[in-house]
1. Across the range 247-269, what is the total count of residues that are under 13 Å from residue 307 (Cβ atoms), surrounded by fewer than 22 Cβ atoms within 10 Å (Cβ to Cβ) and touching a strand residue (DSSP E or B) at 6+ places or on another chain (Cβ under 8 Å)?
2. Output the residues belonging to the range 257-275 that are more than 19 Å from the chain's Cα centre (by Cα) and within 18 Å of residue 430 (Cβ to Cβ).
3. Is there a residue in the range 322-330 that is aliphatic (A, V, I, L, M), outside any loop (DSSP other than H, G, I, E, B) and modelled with pLDDT of 95 or more?
4. Kindly list, by first and then second residue, each pair from a residue in the range 368-386 that is touching a residue at least 12 places away in the same chain (Cβ under 8 Å) to a residue that is surrounded by 14 or more Cβ atoms within 10 Å (Cβ to Cβ) and charged (D, E, K, R), limited to pairs with Cβ atoms under 6 Å and residues at least 6 apart or on different chains.
5. Could you check how many residues of the range 308-321 are modelled with pLDDT of 95 or more and under 20 Å from residue 399 (Cα atoms)?
6. Inside the range 125-153, can you point out the residues that are modelled with pLDDT of 90 or more and of a type in the set (Ser, Thr, Tyr)?
7. Kindly indicate whether any position in the range 140-151 is in a helix (DSSP H, G or I), in contact (Cβ under 8 Å) with a residue 40 or more places away in the chain and surrounded by fewer than 17 Cβ atoms within 10 Å (Cβ to Cβ).
8. If you take the residues of the range 344-368 that are surrounded by fewer than 16 Cβ atoms within 10 Å (Cβ to Cβ) and at pLDDT below 90, which of them is nearest to the chain's Cα centre (by Cα)?
Amino acid sequence: MRQFAIQGRSQEPAIQSSHDDVTGLATRRHAEQRLAYQLARAAEQGTKVAVLHIDIDRLKEVNHSLGRPVGDACLRRVAQRVSEVVDVRGSVSRLDSDEMMAVLPDVAGMETVAPVVERLLERTRQPIELSGRTLFASCCIGVALYPDHGGTVTELMRHANLARRKAQARGSMRHCVFSPDMLEDGPDRVTLRCELRDALPRGEMALRYRPVICARSGQVVAVSAQPRWCSSRFGVLEAGRWWPAARDNDQLHDICAWVLARACRHACSWYEAGSGLRVVVGMPGEVVAGDMLAERVREVLADSGLPPGLLEIELTEGGLMQDPEHACTVLERLKAAGVQLSIAGFGKGPSILGHLGQFPIDTLKLDALFIDDCLDNPRRQAVIRSVIGMAHELGVRVAASEIGSRQQADFLREQGCDLLQGSLWSRMEYSDQAPEE
């Protein structure tokens, strides 16, 4: 792979060459020095410089499930693809374990940068063949532009990082351009991570239950358990606000285990009261990538006394497609335990279509991107009808999330959608305490 050392120029300051051992890319310190020179040059010539903060999706999952050597090999492939797109027009460096920075000097504005960003998103989402496995490692990108979004190395790198976080909060394979309102967007990430470390021991985690509606009868048939952090410092934060910090802290397994146990204890109390409601618990790709999920589910069911058929484990399309062979084994073990299985975010990440016949799932949940304009977009409508027809042929239910209007619900019901969720039924949501052990 081509190593991106700084090309010496007579007018540039002498900088000791330093490159990352795994990727061959420039290190953070080297990149910061290079960026400082480019900003000074841009100031003299009246040009712009674009800083792209790139985060590789699901690299931690690869490291956890397949080992560091495979993770490093995957990282090298992604770094090579990023470097090929940026080419000689700019430079690429490695900032952290799964983060890189690309710098594009002498750009006219975002109209010049946008095509590069689109090519990066497209190139990095392509499958990676390693050791007989097919892996997917897309990216999220934040963009900051000199002098529009900052005048120093520190400002531009920080603002590109803020934009990257905003993009990541929207899902995988997204990008976002910095805007000043991001500076007021929630608590600082470092402080958030520090406070989150002790949230479970302090008893600050709680569950919010959201109804799942049968499209035909209009009755509640299940509830989805959503974790919330009731922080004494930051207030009540939904999972989307602190989930990346939990990932950074390596807390996902602990928090998911807590959610699973608490939701099952609570669901068992409904069962003992005569209710047949299922409880839906989501599991991220990092948990699916391990080998303990099925065993943990069996333990929790035994401890809580909840019948297995009243527990539904919800997994994401992207998480399953990180390693489809391993995912299929995990799903089969979960199915053998008697629980229901669903896939959320269908259509958002790497396509799972080729594996639907192999995965023993019960429910396929359409991503919100199909729902937003389903009333006005004929193409969306065609995709929805096709997915519902295909799923029903396989004996799989179809659910739709993020429904905000009665018109959307009516349309989806008419197309044969089985289950509905969203803000339309927000008045039926509630927070409650699980029974004490």
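The values are calculated or read from the model by the stated rules, or taken from the named source; none is laboratory data. Computed from a predicted model, the values in this text were never measured in an experiment. Backbone-built Cβ (ideal geometry, glycine too); neighbour counts: all protein chains shown.
1. Counting residues in the range 247-269 that are under 13 Å from residue 307 (Cβ atoms), surrounded by fewer than 22 Cβ atoms within 10 Å (Cβ to Cβ) and touching a strand residue (DSSP E or B) at 6+ places or on another chain (Cβ under 8 Å) gives 0.
2. Result: 262, 263, 264, 265, 266, 267, 268, 269, 270, 271, 273, 275.
3. Initially, the range 322-330 is screened for residues aliphatic (A, V, I, L, M), giving 327, 330.
The next check asks that each one be outside any loop (DSSP other than H, G, I, E, B); those that pass are 327, 330.
Cutting the leftovers down to modelled with pLDDT of 95 or more gives us none.
The answer is no, given that none of the residues of the range 322-330 is aliphatic (A, V, I, L, M), outside any loop (DSSP other than H, G, I, E, B) and modelled with pLDDT of 95 or more.
4. Note: pairs meeting the criteria are 368/402; 370/380; 371/402; 374/380.
5. Step one: list which residues in the range 308-321 are modelled with pLDDT of 95 or more, which gives 308-314.
Now drop any that are not under 20 Å from residue 399 (Cα atoms), which leaves 309-314.
The number of residues fulfilling the criteria is 6.
6. 146, 152
7. As a first pass, look at the range 140-151 and keep what is in a helix (DSSP H, G or I): none.
Checking the range 140-151: not a single residue is in a helix (DSSP H, G or I), in contact (Cβ under 8 Å) with a residue 40 or more places away in the chain and surrounded by fewer than 17 Cβ atoms within 10 Å (Cβ to Cβ).
8. Among them, the one singled out is 351.
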